[in-house]
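Engineer: The structure follows.
The values are calculated or read from the model by the stated rules, or taken from the named source; none is laboratory data. These numbers come from a predicted model, not from an experiment. Because the Cβ atoms are built from the backbone with ideal geometry, glycine has one as well, and the counts that use them run over all protein chains shown.
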Amino acid sequence: MSLDLQIIRINLYPVFKELKAKYGLTKRETQVIEALTIYGENNHNLGSRLKVSENTIKNHMSRTLVKTKLSSARELQALILRSLMSFE
């Protein structure tokens, strides 16, 4: 992981911690949204890295959207950005 990604990950840690607590996200759901947001990974590559199927990644994302009452990954990204801005 590059230094830039490490810095971003450190800055986003409190955001993901807050989202996990606020919406009751599991550790794996949090890992999935972190990877899709920070690393820009697709479902297939993320599934390979986490040693789960692409469908499992889709299921984690679907459950995350239900828990956050959002309808798309783009809305989830916007929520993460708004949360980040509230920490600064």
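Engineer: Residues that are in contact (Cβ under 8 Å) with a residue 24 or more places away in the chain, among the hydroxyl-bearing types (Ser, Thr, Tyr) and surrounded by 14 or more Cβ atoms within 10 Å (Cβ to Cβ), at least 1 per element: which helices (runs of 4 or more DSSP H) completely within segment 13-88 meet that?
Structural biologist: 54-68, 73-87
Engineer: Let me ask something else about it. How many residues are at pLDDT 90 or above and among the β-branched types (Val, Ile, Thr) if we restrict to segment 8-64?
Structural biologist: Residues in segment 8-64 being at pLDDT 90 or above and among the β-branched types (Val, Ile, Thr): 8 in total.
Engineer: Another question, then. Quick one: is Lys27 under 13 Å from the mean Cα position of the chain (by Cα) and among the charged types (D, E, K, R)?
Structural biologist: Yes: the conditions hold for Lys27.
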